[in-house]
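Where a number appears in this text, it was derived from the coordinates with a stated rule and is not lab data. Values in this document were obtained by computation on a predicted structure and should not be read as measured data. Because the Cβ atoms are built from the backbone with ideal geometry, glycine has one as well, and the counts that use them run over all protein chains shown.
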Amino acid sequence: MSKIIGIQFFLLLILAQCKSPYSNQTLVQQSSKTDTINATDPITDTTLGPMDSAVISGDIYYALFKTNDTLYILDKNRDTILKEGNDSWQGFEFKDFNGDGFKDIIIQLASNASGVEDLLLFNKSTNNFIPVKNFSDFPAPLPIAGTKYYYSYHKSGCADMNWDSDLFYIRNNKAIRLGHIECIACPDEKTGIYIHKITRKKESLYQKLSIKILGNYDDYKWGFIKYYWGKNYKKFSSN
């Protein structure tokens, strides 16, 4: 009898150690929303990373970044309307980038340069998000108020004494460069601010300035970049 009891105890011990393969699943959810997602919801996924949602034109859209380096965009019915993958993507946010009143999706990329991003523009005709080609070529983009133009900035070495800025705009879901400022301020190099015009993808020197001009602006180079592009963008556009 004692032998039978011992066998029964051993079997019970094994069963107690066995767990359902689903018992340890956890939904990783980083959302600005306070509402919870039911276990039966189709966006519930053990591979889910950052998540957010936004209401656009009265409808809700979800952005889900999964651990397979893929971003999924879902519509109000929780149907996938866009699936894009990039192993350099680090995070994202809903934001109206082009000022048309509809929220777009800006995606941050891992890069040696700061402010490198991808952009998905919301298309009100198709109710979908369209990737903008070449957008990551223009780090830390800022708009020129009241226009369709933007300018970028990135470091180019020598403890950030050398830097570059591009004037660009978006046409047919593609970022197009129109002008380029190259500042060389390293003492052991040929210093100066070299401004180039881009026409049909060909770059030509348009203007050369002394780096001393940067001292005329309250924000130094930042003030110069904003002022120069804001005043002169029309000179670089054929439209």
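Taken along the Cα-to-beta-carbon direction at a fixed 7 Å, the label points for residue 190 and residue 172 span 3.6 nm. Available extension along the chain between residue 80 and residue 201 is 39.9 nm, counting 0.36 nm per residue and deducting the alpha carbon span.
Between residue 67 and residue 110, the FRET efficiency estimated from the beta carbon spacing at R0 = 22 angstrom works out to 0.90.
A protection proxy built from the mean count of other Cβ atoms within 10 Å ranks the segments 70-78, 203-211, most packed first, as 70-78, 203-211.
Peptides 143-149, 191-197 ranked from most to least packed by the mean count of surrounding Cβ atoms within 10 Å: 191-197, 143-149. With K and R counted +1 and D and E -1, the other residues having a Cβ less than 10 Å from that of residue 122 yield a net charge of -1. The H on the amide N of residue 56, modeled in the peptide plane, is under 5 Å from the matching H of 61, each at least 5 residues off or on a different chain. Principal axis extents of the Cα atoms in the stretch 157-239, from largest to smallest and rounded to whole angstrom, are 41, 25, 21. Separation of the alpha carbons by more than 31 angstrom is noted, of 133/155; 148/221; 174/221; 124/202; 148/201, for 124/202. Close amide H contacts of residue 207 (hydrogens built in the peptide plane, cut-off under 5 Å, sequence separation of 5 or more or a different chain): 195. Amide hydrogen proximity for residue 123: with H placed 1.01 Å from N in the peptide plane, the residues at 5 or more positions away or on another chain lying under 5 Å are 128, 129, 130.
With neighbours defined as other Cβ atoms within 10 Å of a residue's Cβ, the residues 189, 84 order from fewest to most as 189, 84. Projecting the Cα positions of 232, 181, 199 onto the charge dipole of the stretch 137-239 (unit charges on Cβ atoms of Lys, Arg, Asp and Glu, taken about the Cα centre) puts 199 furthest along the positive direction. Among 183, 158, the ranking by other beta carbons within 10 Å of each residue's beta carbon, starting with the fewest, stands as 158, 183. Our coupling estimate for the stretch 112-127, obtained by passing each phi through the Karplus curve with A = 6.51, B = -1.76, C = 1.60 and θ = phi - 60°, is 5, 8, 7, x, 7, 9, 10, 9, 10, 8, 6, 9, 5, 6, 9, 6 Hz, Gly and Pro reported as x.
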